[in-house]
1. GNM on the chain, C-alpha springs below 10 Å: top fluctuator among 60, 112, 261?
2. Angle between the Cα long axis of helix 103-129 and the longest principal axis of the chain, 0 to 90 degrees, nearest 10?
3. Under a point spin-label approximation (7 Å from Cα along Cα-to-Cβ), what is the residue 252-residue 181 distance to one decimal in nm?
4. Testing the spin-label approximation: label points 7 Å from Cα along Cα→Cβ at residue 239 and residue 60. State their distance in nm.
5. Any idea how far the Cα center of the range 112-128 sits from the one of the range 329-381, in Å?
6. Listing 366, 180 from the residue with the fewest other Cβ atoms within 10 Å to the one with the most, what is the order?
7. So if I take the alpha carbon set of the range 136-203, get Rg, then get Rh from the Kirkwood formula, what is the Rg over Rh ratio?
8. Please compute the length gained on full extension between residue 302 and residue 272, using 0.36 nm multiplied by the number of residues separating them and subtracting their Cα-Cα distance.
């Protein structure tokens, strides 16, 4: 017979391992390439030493002359706080009782909840990987018939609950997205908040609390507590394309990273426009477009053996050229269920006949070599 206790045992002993594996390997192709480690976690912070340049203790000299001076490696200390990532599974009391006499029915119930969690995580974790840590989803550029016409719709989806902030940074309220016209980039809310020009949307409660994604390397002057202006070598490679992309443009960026930063590109992420532009270039010269399979079962096209992956969360007209070996997801622990004092993970929602189990992970993403990454912008067809 299936009981609430059986449900807890199944979630702890069977489903936790499966959920953790899927969240780490099946959510996003970039995430599967990034090492996850508990190293360099100190309390609520991550402190890691990033080496730059080379050891200075080398040189030539006379047979009986002085040896080169001893100069060690150069280091900067990157510091960031652990970010709190949450995932919720909700089961109603009625559903548990309805499946009480059928273990198969109960397994189907948990599988459905797991699938829902993975779909939500695929969207939110993927978005954060390419974000800048602020959690900004979109900015309203104009308002028509109560709908907000935004600068982008790539980070938005129906059902998402968002906090709306005014242009002055004041929170106006929280609302749920009911419809998105992706052709016009107009967004309709459930009526709890009225749009105004220059309003900004964030996932509920997430403003300035998300992991430090790829966008942070290219936006702003501060990264991991270090001023880029004080250390210009931290600046990544950027190039405004202003048209179609071709092999020469991509190869120039790859060669520049190898020559100037000693960085080898092993992953290319691009927007839809950039992907189509590359395919059109290859088709125009009747070049074969190779397809490859990545870890986690992802399939993608490639450029000279480097996976070239379309991701909806890459900014419009952009192509990131990354050395994923420079990235690490530092974590206090892997995904775990929040537990009460008596070890319970299923908690009744106050005033409702439902139970919630919460997955949590404390982590942040750090790139040890920001200047070893590149972005091509302004790509169009």
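Rule-based calculations on the coordinates, nothing more; no lab input. Keep in mind the model is a prediction, meaning the values are calculated, not measured. Neighbour counts run over all protein chains shown; Cβ positions are idealised from the backbone, glycine included.
1. Result: 60 has the largest fluctuation of those listed.
2. That helix lies at roughly 40 degrees to the long axis.
3. Here the answer is 4.0 nm between the modelled labels.
4. A separation of 3.4 nm, rounded to one decimal place.
5. The range 112-128 and the range 329-381 have Cα centres spaced 11 Å from each other.
6. Working: 366 23, 180 19.
Ascending number of Cβ neighbours within 10 Å: 180, 366.
7. Details: Rg = 10.1 Å, Rh = 11.3 Å.
Answer for the range 136-203: 0.90.
8. Numbers: separation 30, 0.36 × 30 = 10.80 nm, distance 1.48 nm.
Working it through step by step, the gained length comes to 9.3 nm.
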